[in-house]
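These notes are about the structure you will find just below.
The values are calculated or read from the model by the stated rules, or taken from the named source; none is laboratory data. The model shown is predicted, which means the values in this text are computed figures rather than measured ones. Note that we place each Cβ from the backbone using ideal geometry, even for glycine, and neighbour counts take in every protein chain shown. Surface accessibility is based on the protein's heavy atoms, side chains included, excluding ligands, DNA and RNA. Shrake-Rupley method; radii C 1.70, N 1.55, O 1.52, S 1.80 Å.
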Amino acid sequence: MKGMILAAGKGTRVRPITQSIPKPMIPILGKPVMESMIELFAQHNVSKIMINTSHLAEVIEGYFGDGHHFGVQLSYSYEGELVNGEYVNKALGSAGGMKKIQEFSGFFDETFVVVCGDAWIDLDLTDAVRQHKKLGGIATIITKNVIADEVEKYGVVVTDTRGKVASFQEKPSKEEALSTQINTGIYIFEPAIFDYIPKEHEFDIGSELFPLLVEKHVPFYAVDLKFQWLDVGNIHDIWGVTKDILDGKVPGYRIPGTQVRAGIWLGIN
């Protein structure tokens with residue numbers, strides 16, 4: 001199966017860290033957050049992976065290479081333009097980046113998974129794809145239920161009784177939120193999705209593509225699944241995620257080194 005990792009953003013909410021490190025390369029206990037996503041893809045036989053890059057693209061490509069160390073095949077799509085002999089970053093948005101790849105190579109010729117490169121998850125991707133195919137829509141959003149106090153941090157997904165997406169709310173207040181089902185940035189698509197994405201144009205999945213599908217009455221769905229999801233959206237999140245892992249609140253996240261006593265791990269030297 002094929003997949004894509006979105007890694008072209010500037011990570012403005014995580015500055016000044018992202019002035020020298022692209023957001024997907026932010027380390028959580030020494031491991032770049034995107035490395036865990038590649039490992040998850042490999043576990044679920046998503047072996048051909050495209051990564052779109054722009055800001056500090058060379059750091060990402062230099063670290064991951066062709067992917068053979070992770071048991072996958074990695075390819076990269078740089079988003080930028082040549083100006084006066086120098087490349088200038090020019091991100092195309094999450095959907096625009098997908099379209100560029102498809103126009104150039106026709107890479108997405110089967111059901112494919114798209115994830116953000118700045119989160120750690122332990123989602124059963126195999127089951128998620130199975131549910132997508134059972135529903136039969138052009139796209140599936142993997143959602144998660146959060147407490148009402150947290151909805152204002154996320155895009156809220158509103159569905160009918162069958163799980164068909166009816167509308168969206170972008171970071172509503174808890175009083176205005178019509179749902180506690182939030183968009184996790186994990187998507188499953190059919191190749192027909194490209195009929196709804198313009199060429200050579202900045203275009204976003206959550207704020208533009210999905211509202212367009214709703215407007216045109218194209219059937220697509222949201223599936224709420226239970227899984228752990230650690231999002232490094234801002235500086236505070238990085239510390240919070242690290243603390244939760246060290247406090248044992250994230251079962252399954254491998255902590256490097258040797259635990260010498262409760263909450264304390266040591267590495268060599």
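Listed values, structure above:
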item	result
Test item: Cα-centred dipole of the chain, Lys/Arg +1 and Asp/Glu -1 on Cβ, debye	540 debye
Segment 123-251 - percent of accessible surface contributed by carbon and sulfur, probe 1.4 Å	50 percent
Probe 1.4 Å, accessible area per residue of the chain, Å²	51 Å²
Between segment 167-217 and segment 24-45, the alpha-carbon center distance in angstrom	25 Å
Charge dipole magnitude, Cβ of K and R +1, D and E -1 - segment 165-215, Cα centre, debye nearest 20	200 debye
Nonlocal amide H pairs with A7, under 5 Å, H built at 1.01 Å	N52
Loop trypsin sites (Lys or Arg not before Pro), segment 1-108 (other Cβ atoms within 10 Å of the site Cβ: 16 or fewer; DSSP)	K10, K90
Trypsin sites (Lys or Arg not before Pro) within segment 124-188: DSSP coil, no more than 14 neighbouring Cβ in 10 Å	R162, K174
Cα pair distances exceeding 30 angstrom across the chain, given as percent	28 percent
For segment 13-128: rounded, prolate or oblate by the Cα gyration tensor [a/c cutoff 1.5]	oblate
Percent carbon-and-sulfur accessible area, segment 1-78, ignoring ligands, DNA and RNA, probe 1.4 Å	50 percent
Unit charges at the beta carbon, dipole of segment 155-269: most positive-side option, L213, W229, A177	W229
Percent RCO, i.e. relative contact order, over segment 115-269, from Cα pairs under 8 Å lying at least 6 residues apart	28 percent
Stokes-Einstein D (µm²/s) once Rh is taken as the Kirkwood radius of segment 143-228 over alpha-carbon pairs, at 37 °C in 0.692 mPa s	241 µm²/s
Peptide ranges 192-199, 91-98, 39-46 listed from the most packed, as the mean C-beta count within 10 angstrom indicates	91-98, 39-46, 192-199
